1. Grab the other residues whose beta carbon is less than 14 angstrom from that of His81, score K and R as +1, D and E as -1, and report the net.
2. Roughly speaking, what % of Cα-Cα pairs in the chain are separated by over 21 Å, rounded to a whole number?
3. With a Förster radius of 30 Å, plug the Cβ-Cβ distance of Leu75 and Val140 into 1/(1 + (r/R0)^6) and report the FRET value to the nearest 0.05.
4. Taking 0.36 nm per intervening residue step and subtracting the Cα-Cα distance, what contour gain separates Phe164 from Asn115 on full extension?
5. Based on other C-beta atoms within 10 Å, arrange Ile98, Ile77, Ile131 from fewest to most.
6. I'd like the distance separating the alpha-carbon centroids of the stretch 1-44 and the stretch 97-129, in whole Å.
7. What does the charge dipole of the stretch 11-72 about its Cα centre add up to, to the nearest 20 debye, if the Cβ of each Lys and Arg holds +1 and the Cβ of each Asp and Glu holds -1?
8. Would you mind getting me the FRET efficiency between Phe150 and Asp108? Use the beta-carbon distance for r and R0 = 35 Å, nearest 0.05.
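Nothing in this text is a laboratory measurement; each read-out follows from the coordinates by a stated rule. Nothing here was measured: the structure is a model prediction, and the numbers come from that model. Note that we place each Cβ from the backbone using ideal geometry, even for glycine, and neighbour counts take in every protein chain shown.
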Amino acid sequence: MDAGKLEIRSAEPDDFGALQVLHAQPKVVYGTMQVPFTSREVWRKRCIERPENMRVLVACVQGGVVGCAAVTIPLAIRRRHVGELGLVVHDAWHRRGIGAALLGSLLDLADQWLNLTRLELTVYTDNAPAIALYEKHGFVREGKFDRYAFRNGEYVDVFAMARFR
Ligand SMILES: CC(C)(COP(=O)(O)OP(=O)(O)OC[C@H]1O[C@@H](n2cnc3c(N)ncnc32)[C@H](O)[C@@H]1OP(=O)(O)O)[C@@H](O)C(=O)NCCC(=O)NCCS
């Protein structure tokens with residue numbers, strides 16, 4: 001991906017339609033906690049009611065949203081050094097550097113501006129692309145949760161991963 005063609009910016013309320021389409025992609029649903037057939041209205045509300053402790057970035061190519069990354073700071077006052085991460089790239093745009101670019105921007109925000117020292121996430125144990133991407137950016141596996149979520153008819157396990165600064 002030509003870096004000049006990729007724009008990373010804050011998500012805006014008007015992005016809700018694009019975010020619904022992005023999060024309905026089969027591989028995105030499979031790799032996350034998204035539920036198929038989530039309505040535009042649910043996404044519209046998510047986008048306009050976004051809390052202050054959640055920051056959402058989108059990656060755009062020629063104005064179209066092709067990926068999204070988010071960091072949420074827990075409300076518990078003694079976990080203000082923590083960020084919980086999420087990351088998705090549209091199925092048609094995988095393996096073109098967009099996930100790495102989004103994660104890089106999110107890590108810069110977390111390190112240089114939000115002063116977060118522990119970034120954490122969960123990832124399905126069979127999600128090799130995501131695990132490779134996170135390990136490349138300094139995340140380590142902390143443990144495994146068995147039968148953590150239900151996915152397409154079966155229970156699946158996740159790794160807990162974290163990156164410390
Ligand atoms: C995981 C995901 C975000 C990666 O995004 P991407 O834009 O395809 O990733 P990039 O092209 O930036 O790749 C960055 C690195 O990730 C790793 N990676 C990405 N896809 C990979 C694959 N299919 N196999 C192995 N490693 C892979 C590689 O280390 C790669 O670096 P390299 O290209 O120099 O080898 C994307 O596959 C996705 O959105 N999946 C569905 C949703 C999901 O699972 N999100 C993660 C939830 S925890």
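1. Net charge in that neighbourhood comes out at +3.
2. 48 percent
3. Efficiency for this residue pair is about 0.75.
4. 16.5 nm
5. Ile77, Ile131, Ile98
6. 17 Å
7. The calculated dipole for the stretch 11-72 is roughly 160 debye.
8. 0.50
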